[in-house]
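Engineer: Below: one structure in structure tokens.
The values are calculated or read from the model by the stated rules, or taken from the named source; none is laboratory data. A quick note: this is a predicted structure, and the numbers were derived from the prediction, not measured. Virtual Cβ from ideal backbone geometry, glycine too; neighbours counted across all protein chains shown.
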């Protein structure tokens, strides 16, 4: 149940309502949501309680979403959320193309990639400095030192920047140098981290866990929303199955399901989903046709020399060709590309 | 290794080559392939054997495909196969739309559906009479008695008809009344059945097993091809995963993989993949964008009254709308719809 | 709902009851079950119908199992079924050890294996002549010609024999030469085949489909039971998952679930589950500890020369050692080994 | 490659060897391992490099494990590791039974459970205060305030205590009040957390990720070992599959695989694996038969009132019965229970 308080509701009335709910063991949470105050609980008061709440009279409206992820649900908010990353909207009329290397390798490398993709229709730059790697012996990224490079290339290209964070302690510093924080597939249920990026109020790119159901994914988003951060963008990146021809199995049906059940934007990452360069294009097109709000593509000036995931990164030429192929497709489904 | 014999090669020379391969324990198989004779083995002769083969001189060409499914491979045949079902091509410039009810329920029901979908751009009619059902208590289809209904509606509508067969003994009778035989997901590795539909030389629609890798699927196709039946159409219909929001998880990356590795056409069945009516449209569009040669859609004049799979069948109105949405998309990817 | 008819119930009364159920659209099935007649439907009559049924008075008892596989359920039969294969009981106080090669390769090979495993505590011999192979180029088994070898070795060793059948047409001939018919993992939902082995009344070893839920597996067993064949033995052999360290993932929790929900015996096949010789022993022990009624082990006098599955077959020495390790374990869980 | 330095090797010689490896771009890591110094890299020097290393002469031995998780491998350490948690060994002759509630709910609750399970053969107490929950609306545990309760009950019962940590910042405080830190399934690839518990040098219980391969799991363990913390205990707790009869699918073949490939102890958690009380016993027995070094069981004095996972927690009576059933089984496999 979500109680949206009237704008003028007094702190005393709010506290009275909270007391009422606490005494009924409903464990209410207070959320500052845009300009409003919300009281949220996943349990429902009895009819007496509802009557008492009505008497206190703080509620502009009361919603009972059927989705477990209440704040994410269309029941709570009918209109699609458009998340603004600096001046770049995600979720509106245009497709958002986010491109960049898997890992930030050097300033020159990042700058070259950023300037190139900027010209080709990209809206945002991606680049990892904290790299979650299966083996401790693999390249772990430049770490904190790589963050200023991201900020520098952002200034040079004008492209907002998204980067992955792995632990709550690094949220502040990453927020200082970048414009959007990514929660990777391995951290989708890293709840302290979800709370930390929630508190940061920064735009968050929440990737689906590789073995997470859509329902669990939306509940992970709810952790962020419940901190009063409405700037959540979901990203489907493939799930783990028995099939080994691709790195993961891209579950595109997640796109229309998320669009129907929630008001949040959803992107698709065909690079990590397939792990194979030659499949990135077809799957990017399929994602757009399925209704995705944008795509996330790994691009590298020299993929064969990449320090991580070299098999799945597109060269600049391949990327340019893909964007040209996407333009007419985007138009047919009523979207444009910058 | 595939040895394609010269057109004028004498039976004696062929026999000599076979003897040579048999003595070398290479277990050669003879395949009548269109107008040609092939000798196929999955092992490779040594250099002496190759020299002896060359001396016999029957080979127009010798191919060593890297794919295990040798006859299915692009190494063996570069040009895409176009399977003709009566006058309907599958795999060419146009998208093939196959529509119809999950089960044939009655003559009126089938006729109504057939005539309606015919007007909307459908190329072929589907309808099951032998229904594989998880429970023995569920409706098992009309059985053999339903076959003449399929033939009758085909005559009335001009639409070629595809139906599923479950056992070798029914292949002949199904072939008599219909135009294409479907091997369902549960029978993808029913090898006697694959051989039987292979021997029939009928067009075959081979659905992917719900837990089959793409590699296994192509080897199942190879069982059919190896009987000298080149008329194989693949159909992706979702695989089984942990996700329960959909009946199966549609693996659209199978489309570009199959197109690259083989010369066989591939369709997509979003109805069985998702099991949810509202997802059929988005996934059909995604399939077309990913490069599928057509789609297979369950349509029912009154889905809520269907005797099987009522949740996933589109009404005629929904189907009409979907086809209209697909037309411009098909054009963008260089395909048309009848 | 299962109606068990009284022993003396007249054919007319039975027919009257059936008519009643048919008119109510309950689609009743008549099953000859041991000495009794059953009427089974998966729908439930209304109270009027129940009253009318009571009036006809044919029912010894009426059962409403909660399990979809009604005849398999403990609700229908409390006591565990003991399936007798010749004189070998499966499901009683003793563990049943079934051993033998993956494929029958020759008479000498089979005879040597049979005589060796007989001395070591084995109760039954396994050996495949119809081999379901992923690739059409792989060894497909000796086929029908291998059946007399099985019968011959049975006579020589006194061990009953189980072999796999792949299609309804071969059920009769396989039944003639062997004592138990195996339905392999790929055919668990080959419904015509299930019905055919059901009609044969032979003991049936029903392996779990590699992507089948336990619920689906029990419904497959129900297809056989519903033909009036109560001699069904289940066999867990691993399911398909993302893990590639083993060929399949052995789901031992299926054992206690099956034992609780049904009256059918259940064996475990650690050879196919793991695909790795060194894991067969630990998993066989785990199966016995979990409550399995027996195990199915692939044994080959010279595993490294086996024509199929050579990595998972135990040598005779390894098999002997395993049986010795199993004996005290079997005792602890209240079972013996022959 | 692991270079184990001689005891008397000088810091200068070590530095020289490191320099050599760094110049060859081999990215060497220095690990303080028990009383020794190790230099570890996952790349291999060329023959010239190896000769130069030999010349420096610091190596007691050089090992080239085939396993990616080099420090975990049997190649590096033949003898099984016995991890001591206070005075409780894990990995030796005795089975280690760890029991306790899912969540710590109150001091009385924990004390009652601890005293009860102590009498029944339990070696250690488990209890969660930081609870990772799918929904933000679910009970999140007592948090830091619960830690002193764990310490208090440890003193009262003499049982060492294990508790889960979710973020690096809480490692120190958890280490202060407990004896072993658990990394839960959702955090198996939370690399900053793995490094933090590694640095703590505390015994660590590393659960398998619910979609992690065994190979990935061992590489996660390697993150901890590489911090110079050899006190790692693995715990199999089920993986995610299509089967929904159980919460997860317990992969017991992981036990013999881990025992063969590594020197680390491995426990099994049948409570989380099955999620069903009636399956905990059979799966605990199967785990012991498969060779596990112990089991982790959720126990609650009143399971039906538990604040989390009430379906899978055993009552004290059920737990007592299980332990009695395990004793003779443990003996047969050469283990005892305290």
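Engineer: Of the conditions (1) within 8 Å of another protein chain (Cβ to nearest Cβ); (2) within 12 Å of the chain's Cα centre (by Cα), residue B:191 clears all except one; give me its number.
Structural biologist: In the conditions (1) within 8 Å of another protein chain (Cβ to nearest Cβ); (2) within 12 Å of the chain's Cα centre (by Cα), residue B:191 misses (2) alone.
Engineer: Can I ask one more? Would you confirm whether any residue within the stretch C:227-241 is without any contact (Cβ under 8 Å) to a residue 24 or more places away in the chain and either assigned by TED's automatic domain parsing to the domain that holds residue C:28 or buried (at least 24 other Cβ atoms within 10 Å of the Cβ) (or both)? Talk me through it step by step, then tell me what you get.
Structural biologist: Narrowing the stretch C:227-241 to residues without any contact (Cβ under 8 Å) to a residue 24 or more places away in the chain: C:241.
With either assigned by TED's automatic domain parsing to the domain that holds residue C:28 or buried (at least 24 other Cβ atoms within 10 Å of the Cβ) (or both) added as a condition, the list becomes C:241.
Yes, there is a match, as at least one residue in the stretch C:227-241 is without any contact (Cβ under 8 Å) to a residue 24 or more places away in the chain and either assigned by TED's automatic domain parsing to the domain that holds residue C:28 or buried (at least 24 other Cβ atoms within 10 Å of the Cβ) (or both).
Engineer: For residue A:97, state whether it is in contact (Cβ under 8 Å) with a residue 24 or more places away in the chain, away from every other protein chain (no Cβ under 14 Å) and out of contact with any strand residue (DSSP E or B) (no Cβ under 9 Å at 6 or more places or on another chain).
Structural biologist: So residue A:97 does not fit the description; no.
Yes or no, residue by residue, for (1) in contact with a strand residue (DSSP E or B) (Cβ under 9 Å, 6 or more places away or on another chain); (2) in a loop (DSSP other than H, G, I, E, B):
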residue	(1), (2)
C:115	no, no
C:118	yes, no
C:125	yes, no
C:132	yes, yes
C:137	yes, yes
C:144	no, no
C:148	no, no
C:156	no, no
C:162	yes, no
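Engineer: Kindly check whether there is at least one residue in the stretch A:61-76 that is over 30 Å from residue A:255 (Cβ atoms) and touching a residue at least 12 places away in the same chain (Cβ under 8 Å).
Structural biologist: Scanning the stretch A:61-76, I find at least one residue that is over 30 Å from residue A:255 (Cβ atoms) and touching a residue at least 12 places away in the same chain (Cβ under 8 Å), so the answer is yes.
Engineer: Just to be sure before I move on: is residue D:204 surrounded by 23 or more Cβ atoms within 10 Å (Cβ to Cβ), touching a residue at least 60 places away in the same chain (Cβ under 8 Å), away from chain A (no Cβ under 13 Å) and under 16 Å from residue D:164 (Cα atoms) in the structure I sent?
Structural biologist: no
Engineer: Quick check on my filter: what residues within the stretch C:229-254 are assigned to a loop (DSSP other than H, G, I, E, B) and either on the phi > 0 side of the Ramachandran plot or at the interface with another protein chain (Cβ under 8 Å from one of its Cβ atoms) (or both)?
Structural biologist: C:238, C:240, C:241, C:242, C:243, C:244, C:245, C:246, C:250, C:251, C:252, C:253
Engineer: Only one of C:69, C:99, C:175 is crowded, with 22+ Cβ neighbours inside 10 Å and closer than 27 Å to residue B:134 by Cα. Can you tell me which?
Structural biologist: When all the criteria are applied, what remains is C:69.
Engineer: Residue check: is residue B:216 at the interface with another protein chain (Cβ under 9 Å from one of its Cβ atoms), assigned to a helix (DSSP H, G or I) and either without any contact (Cβ under 8 Å) to a residue 24 or more places away in the chain or under 13 Å from the mean Cα position of the chain (by Cα) (or both)?
Structural biologist: Values: at the interface with another protein chain (Cβ under 9 Å from one of its Cβ atoms): yes; assigned to a helix (DSSP H, G or I): yes; either without any contact (Cβ under 8 Å) to a residue 24 or more places away in the chain or under 13 Å from the mean Cα position of the chain (by Cα) (or both): no.
No.
Engineer: If you don't mind, another one. Within the stretch D:168-182, identify whether any single residue is in a loop (DSSP other than H, G, I, E, B) and at pLDDT 95 or above, and answer yes or no.
Structural biologist: yes
Engineer: Okay, next question. Residues being more than 14 Å from chain D (Cβ to nearest Cβ) and either surrounded by fewer than 15 Cβ atoms within 10 Å (Cβ to Cβ) or free of Cβ contacts under 8 Å to residues at least 60 places away in the same chain (or both): count how many of those fall in the stretch A:4-53.
Structural biologist: Of the residues in the stretch A:4-53, the ones more than 14 Å from chain D (Cβ to nearest Cβ) are A:4-20, A:22-24, A:32-37, A:45-53.
So of that shortlist, the ones also either surrounded by fewer than 15 Cβ atoms within 10 Å (Cβ to Cβ) or free of Cβ contacts under 8 Å to residues at least 60 places away in the same chain (or both) come out as A:4-20, A:22-24, A:32, A:34-37, A:45-53.
Qualifying residue count, the stretch A:4-53: 34.
Engineer: Among C:136, C:89, C:80, which is the only one that is more than 14 Å from chain B (Cβ to nearest Cβ), over 22 Å from residue C:298 (Cα atoms) and at pLDDT 95 or above?
Structural biologist: C:80
Engineer: Sticking with this structure for a sec: Just checking, how many residues over the stretch D:283-338 are without any contact (Cβ under 8 Å) to a residue 24 or more places away in the chain and either within 22 Å of the chain's Cα centre (by Cα) or away from chain C (no Cβ under 13 Å) (or both)?
Structural biologist: Total meeting the criteria: 6.
Engineer: Among the listed residues A:277, A:260, which satisfies the condition of being surrounded by fewer than 24 Cβ atoms within 10 Å (Cβ to Cβ) and more than 10 Å from every other protein chain (Cβ to nearest Cβ)?
Structural biologist: A:277
Engineer: Would it be correct to say that residue A:122 is in contact (Cβ under 8 Å) with a residue 24 or more places away in the chain and buried (at least 23 other Cβ atoms within 10 Å of the Cβ)?
Structural biologist: It is true that residue A:122 is in contact (Cβ under 8 Å) with a residue 24 or more places away in the chain and buried (at least 23 other Cβ atoms within 10 Å of the Cβ).
Engineer: Anything in the stretch A:313-338 that is in contact with a strand residue (DSSP E or B) (Cβ under 6 Å, 6 or more places away or on another chain) and closer than 15 Å to residue A:277 by Cβ? List them, or say none.
Structural biologist: If the condition is that a residue be in contact with a strand residue (DSSP E or B) (Cβ under 6 Å, 6 or more places away or on another chain) and closer than 15 Å to residue A:277 by Cβ, then A:313, A:314, A:319 are the ones that fit.
Engineer: What do you reckon, is residue A:141 surrounded by fewer than 23 Cβ atoms within 10 Å (Cβ to Cβ), in the same structural domain as residue A:295 (by TED's automatic domain parsing) and at positive phi? Talk me through it step by step, then tell me what you get.
Structural biologist: Details: surrounded by fewer than 23 Cβ atoms within 10 Å (Cβ to Cβ): no; in the same structural domain as residue A:295 (by TED's automatic domain parsing): yes; at positive phi: yes.
Taking the combined requirement at face value, the residue does not satisfy it.
Engineer: Here is a check on your reading of the model: is residue A:103 within 14 Å of chain D (Cβ to nearest Cβ) and either under 30 Å from residue D:213 (Cα atoms) or in contact with a helix residue (DSSP H, G or I) (Cβ under 6 Å, 6 or more places away or on another chain) (or both)? Give the derivation first.
Structural biologist: Working: within 14 Å of chain D (Cβ to nearest Cβ): no; either under 30 Å from residue D:213 (Cα atoms) or in contact with a helix residue (DSSP H, G or I) (Cβ under 6 Å, 6 or more places away or on another chain) (or both): yes.
Taking the combined requirement at face value, the residue does not satisfy it.
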